[in-house]
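Below is one structure, written out as structure tokens; comments come after it.
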Amino acid sequence: MTSSCPFHSPLLDPDLRMRPPGEPLPPPLRAHGGPLADVFARWLRQRDDAAHPPEKAALTRALMALSDDDVRAHARRQAAIAWQGDWSHWSWAVPASTVASLLGIEIRDVDAQRRLHAALRAMAAGLGANADADAVHAGGDAVAALLDALDDAERLSPDAPLQWTLLRHAAPDRWTDRAAFTANRLALIWQSHEAGTALLGHALLEWRITGRLPSRDGLLRIACDGGAVRVTRRFDVRQEPAEPVSVPLSGTDHPFGDGAHRCPGQGLTLTSLHAALTWLSEQTGLRLPEPAAALSLPNMDIPQFLDKPDALHDQHDQHDQHDLDKEPRS
């Protein structure tokens, strides 16, 4: 893709770090601990230690080895399942449920998608800047349940596409310890949650306005224009204490980041969301959603939508059973 976005380089500055020196955890997690704090401290996204480069390289190789055909098959199936909910459910469920399914977690109905969504929202609340003890503990309970589900998937579905590529290219023995492996396996689901939903929602809005289904390159342009994560935060370690710095991602040619912390899931995100949108475009009598008030977060806006009309909803529930009966290759 040829981008018109200007060149931007702060993400390549080695003095802009993910966390302040000596503070691997934000205050709520430091105060209350638990499984949420444990995984946060191990996420590659939050680290600049010596083990980061080789672990990031292994994870990147695993994601590059993932078959686009497998990604599209799982995304289409999750899109069909999510279509039994309302519009906001569809946009929230598809990104994270697709990644969870690729990892071998069984997401066979709307209730399973809703349970995953509830767990991720509990994590989000626990990661909030002002999270209290109850929120951190509830987020920790959600983390523990998801880690158990991922361990079960590793045991029962080791050939699930993303589980298989991780075990082949980024197996536990390539990490500091197994806890780092499991934390970053969970991070793949977590990082698809809000950012993926934002991009999918903005794609629906653009489609509604233009009347054209966004292409895969179009999704990247939407992200570049601010339809995903708009800014990221770093800490300038040249200051004492380290000073927080907001670094733009929108309006640049790297909306998925750059340098050591460039998102390794860009290809997975673009392929899965485009596949879900393509599935949607194939539905008879489709009427694109009316926007509702967006969920505004410090680093992104996540579009929300009004519910589908009941008559159209019922029509699609019947029409899509054929899609639900098609099992993607695992």
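The values are calculated or read from the model by the stated rules, or taken from the named source; none is laboratory data. As the structure is a computational prediction, the values presented were derived from the model and not from experiment. Neighbour counts run over all protein chains shown; Cβ positions are idealised from the backbone, glycine included. Side chains are part of the model used for accessible areas, which takes the heavy atoms of the whole protein and leaves out ligands, DNA and RNA. Shrake-Rupley method; radii C 1.70, N 1.55, O 1.52, S 1.80 Å.
Distance between the 7 Å Cα→Cβ label points at D177 and E240: 3.2 nm.
Please report the orientation-averaged projected area of the stretch 253-303, defined via the convex hull of its C-alpha atoms, in nm².
On the way: hull surface 20.9 nm².
That works out to 5.2 nm², a quarter of the Cα hull's surface.
Under the combined filter of DSSP loop state and at most 16 neighbouring Cβ atoms within 10 Å, the stretch 195-282 retains these trypsin sites (Lys or Arg not before Pro): R212, R238, R262. For the stretch 84-151, pairs of C-alpha atoms spaced more than 18 angstrom apart make up 40 percent of the total. For the chain, the fraction of 1.4 Å probe accessible surface lying on carbon and sulfur atoms is 51 percent. In the chain, the longest principal axis of the Cα atoms and the axis of helix 52-64 are about 20 degrees apart. Extension gain, L288 to R212: 0.36 nm times the residue separation minus the Cα-Cα distance gives 26.2 nm. What the chain shows is 45 Å² of accessible area per residue, with the surface traced by a 1.4 Å probe over protein heavy atoms.
In degrees from 0 to 90, rounded to the nearest 10, what is the angle of the helix 110-126 Cα long axis to the longest principal axis of the chain? Roughly 30 degrees, rounded to the nearest 10.
Using a simple charge model, +1 on the beta-carbon of Lys and Arg, -1 on the beta-carbon of Asp and Glu, nothing else, what dipole does the chain show about its Cα centre, in debye to the nearest 20?
Working: 33 positive and 44 negative charges, 134 e Å.
Its charge dipole is roughly 640 debye.
Taking amide H as placed 1.01 Å from N in the peptide plane, F305 has its amide H under 5 Å from the amide H of S88, A292, each at least 5 places away in sequence or on another chain.
Compared with the dominant Cα axis of the chain, that is its longest principal axis, helix 310-319 is turned about 90°.
For the pair A260 and A144 in one chain, pulling the backbone fully straight at 0.36 nm per residue adds 38.9 nm over the alpha carbon distance.
Which is the longest run of the chain containing none of the GluC sites (Glu not before Pro) found in DSSP loop states (not H, G, I, E, B) with at most 16 other C-beta atoms within 10 Å? Please report the intermediate quantities before stating the final value.
Numbers: sites that count: E106, E282.
No qualifying site falls inside 107-281, the longest such stretch.
Shown here: the chain, whose C-alpha atoms stretch 60, 45, 39 Å along the first, second and third principal axes, sorted largest to smallest.
Along its first, second and third principal axes, ordered by size, the stretch 26-110 spans 42, 33, 19 Å in Cα coordinates. Rg ratio for the stretch 124-209: its Cα radius of gyration over 2.2 N^0.38 Å, N being its residue count, equals 1.35.
For the stretch 112-255, averaging the sequence separation of C-alpha pairs within contact (under 8 Å, six or more residues apart) and dividing by the residue count gives a relative contact order of 13 percent.
With the convex hull of the Cα atoms taken as the outline of the stretch 204-251, the averaged projected area works out to 4.0 nm².
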